[in-house]
Structure formats: structure tokens, C-alpha cells
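Everything on this sheet refers to the single structure shown next.
Every number here is computed from the coordinates shown, using simple stated rules; none is lab data. All values derive from a computational prediction rather than experimental measurement. Heads up, the Cβs are rebuilt from the backbone with ideal geometry, glycines too, and the neighbour counts pull from every protein chain shown.
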Amino acid sequence: MTTLPRYRDPVYQKSRGWPMAASLQATVDKDVEAQLYVALFYFENGKYQESMIWYKMAAEQGNLEAMCTLFRMHEYGLGGTVNLVQGCYWMKKMLETAGDHPDDETVGDGDYKYGIGRKYLGEAMSGYGWYLMGARTNKDKPPQQSLPESMLDIEAGLRCLEKAGDLGHVEAVSQLGNIYMCGNPMLKVDPDIPKGIEFFKKAVEMGKGECAFQLAMVYRCGLVPTNEHLEKKWLEVAVALGHAEAKEALHDFRRKLNSSDATRRLNKLDKETDIEEYLTTNETMECSNPGCTKEEEKAGDFSLCEECKQVKYCSRKCQKAHWHLAHKRDCKELKKEKKSLIEDNRNIAFPYANRCFCCESKDSREASRKCKQCKNAWYCSRECQIKDWRSGHKKQCLQSVAELKDAERILAKIKMGSATAG
């Protein structure tokens, strides 16, 4: 049961002789609890300017709730115009006062840390984090503002989002998952897929079905090696959390894996002798010269750029025109990206193709060996299996097994919660 701070308790207010805010003005100069009571009284009656005065008195004496509330009032322009700089000043002061452990027992108890609800504090912490990373105030509350460049601090902003997640703000955790999963050039954050997956899992444990669906898509789309077992398991978790799109995706799971397009691509893959060339070949049927509208009658009619193998042309004339227009500049970059492109395509194709994960030779699934732990990698011989295990599959395999256990644990927890509620 949540225990209210004393100044919010009507019995305590009466014992202190606080029936009317006006009667306190001569006696609350040093009484923080009384100042908070008066501030709350004015706030609930829509007198935001007066409320801000009293919250500021309490904040100047080190009260953390008052500092956090001042941040929100300045953010939304309650008691005047929007003043993001002033609001963030109070939020920064609150964090400096609280230190690195906002849940320390000396600060508060129960669900009310700093005397305010954890949900309220988590939302404020998340907002402050985004402002430190350059976000603007609510477009529905003009005029919009953002912090001056001198106050921006991306690392501090990310830490604030993490603290907001620790306080139960699930959206902050979900946003961190998206930031790390794909990277964010504007924030100068490079992709960190394992870290993104961990934040998504944390959000799922907090009840966000959308993140479970996103995890399923991670294992479908090749951001990591495609894994149908993990894709299916995270879809099941998303369905258990009520995600509508996941229900349809789970229903179509087998059909999508064996779609005509996938079958066509994999059949072609089996016929290829140069697997690397296949994985880096542009499958478009159009000439890459923007000024040309010609298309191949059948795949392979046009000539590939010999360097990058990412663009194709119907004629030497088109190739020269595109080289001078843009491809001279882009070709080297495309060539540098070739390795990652091969890996991305392999992640998508190999789990469903009759290819050894090590030497890439053809072999039927019936005759090949399967990794007994992750059940997702295939080999033509024990020698290839041992070689791939030592060269990188060990880490990948253990990660997949741990991930599957996590998904099963979360799903069991959700089902147990549903059964208890029922």
C-alpha cells in the first residue's frame, strides 16, 4: 500500500493547523512541508504563478519534489511562458542533490521517492533526457523551445533515459532499444544491436508488447542471424501481451517463411557457384543510370560494375554517364560496405538454404549436421562444425540459447500473471 507524504495527509495537515493556505503565509518561511502544502493548494486551484513561488521556496531549501515539479511547470508554461532553460536548471539541480542513486532509502519510501510518484518522476526524467539530446518542447504548447547547444549533453541524456527506465517508465526503455538497435546519426550513437536487444527485453518484461514484436522482426530481417525459433517465440510473447499485429504475423509464420518469393530466391541461391557474388549482386532489373528507363528481359542481361557489383548498366554509354554523374564518388564506399552486405544477406538466406554455414558448400538437410544447441546452423561435416564453432559460432550460439530461455521465462511469467488475474 502506498504511503502518502505527510504534507499530503489531511489528518496531518489538521494536526499542524493548516486548514487554509492563506493562514500559513506568515509562518512557513523555513517549513518545507508547509511550503509544499501551500504550493499544492494553489496548483490544484489553477493559481500556477502563486504555486510556482512556493515550490521555488521549497526547492531552494533542497526539496527534490519541488525541483522536479518546477521542471514540469516551466516545460509546459504553467505560471508563465515556457522556459526550458530554467526548467532544466531545476532538473539538473535535483539530480545533483539526489546523486547517482535516486532510489536511496534516505530520499523516500514506498512508491513515493522524493515525495512524488515514481511514474511522474520517470516521465520527467525521460523528458529531461531528450531535451539534453536536442529535443524540442511540445509542438501543441507554443512557442517551441530547445536547449542552447552549450547545454546539450548526449551521454547525460542517455543516462537520464536509463534512470527513467529504472523508475518504471517503459517508453524510455523502448526508446533506448530503438536508439541502440538502429543507431542515431543525429545523436552520434552507433548501432549496438546486443544492447538494443537487452533494452527491448527489459521493455517487454515491463509489459510492452510492441517491443516483443520488434524483437521478432530483428530475428526475421537479418539484423542478426535469422532465427525462426526466436522469431516465433517473441511473436508468442507479443501475442500474450495483446499486440494485434503479432497475432496475424504468428498465424502467417510458416506461410511467410515458405512464400513464393523466398522459394525463388533460395532456389537461385542453390544454383549459384559463387556465393559471394550472389549475395552482393543487385537484383533490380533496371539500368542504374538515372536517365535510362530500360529493364532486363531476364536476369543477367545487363553488365555489373566490376568493382562494387552493386550497380548494373544496359550499355557502356550508360555506365560512363553514371560514373561521371555520381558512381565515381559512390563506388569506393559501396565496395567498403561489401563485407557487411554479404553478412546481412547471409543472415537472411542461410538459415533456410541448403548451404554449410562454414564452407558454404551445397548439401541436403537430411545429410547435414545441425547445431544441437541453437538448432539454427547447418554443416556438411563435423570438421566444418568445429571450425565454425571456434571462429565465432560459439558466442552466437550461446547468445541464441540464452535469448530463447529469456523469451520462454517472460512468456511463462505473462501466462502466470494472466492465470492469477483470472
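Anisotropy class assigned to region 205-246 is prolate, per the alpha carbon gyration tensor with a/c at or over the 1.5 cut-off and a/b larger than b/c. When each of LYS372, LYS387, LYS332 is scored by the number of other beta-carbon atoms lying within 10 Å, the sequence from fewest to most is LYS372, LYS332, LYS387. Quick check: net charge around MET67, other residues with Cβ under 11 Å of its Cβ, Lys/Arg +1 and Asp/Glu -1? Every neighbour counted, the sum reads +1. Seen through its C-alpha gyration tensor, with square-root eigenvalues sorted a ≥ b ≥ c, region 135-228 comes out prolate because a/c lies at 1.5 or above while a/b is bigger than b/c. In a simple Cβ point-charge model (Lys, Arg +1; Asp, Glu -1; nothing else charged), region 143-225 has a dipole of about 240 debye relative to its Cα centre. Ranked by the mean number of other Cβ atoms within 10 Å per residue, highest first, peptides 55-62, 118-125 order as 118-125, 55-62. For region 162-179, 3J(HN,Hα) computed residue by residue from phi via the Karplus equation (6.51, -1.76, 1.60; θ = phi - 60°) reads 5, 5, 4, x, 4, 8, x, 8, 5, 5, 5, 5, 4, 5, 5, x, 5, 4 Hz, glycine and proline entered as x.
Sorting PHE41, PHE357, PHE200 by the number of Cβ atoms found within 10 Å of their own Cβ, with the fewest placed first, yields PHE41, PHE357, PHE200. Here the spin labels are modelled as points 7 Å beyond Cα on the Cα-Cβ line, and at GLN373 and LYS336 they lie 3.5 nm apart.
Taking amide H as placed 1.01 Å from N in the peptide plane, the amide H of GLU307 sits under 5 Å from none that are at least 5 places away or on another chain. Summing charges over all other residues whose Cβ lies under 11 Å from the Cβ of ASN227, with Lys and Arg as +1 and Asp and Glu as -1, gives +1.
Net charge near GLU171: determine it from the other residues with C-beta under 10 Å of the C-beta of GLU171, scoring Lys and Arg +1 and Asp and Glu -1. Summing Lys and Arg as +1 and Asp and Glu as -1 gives 0.
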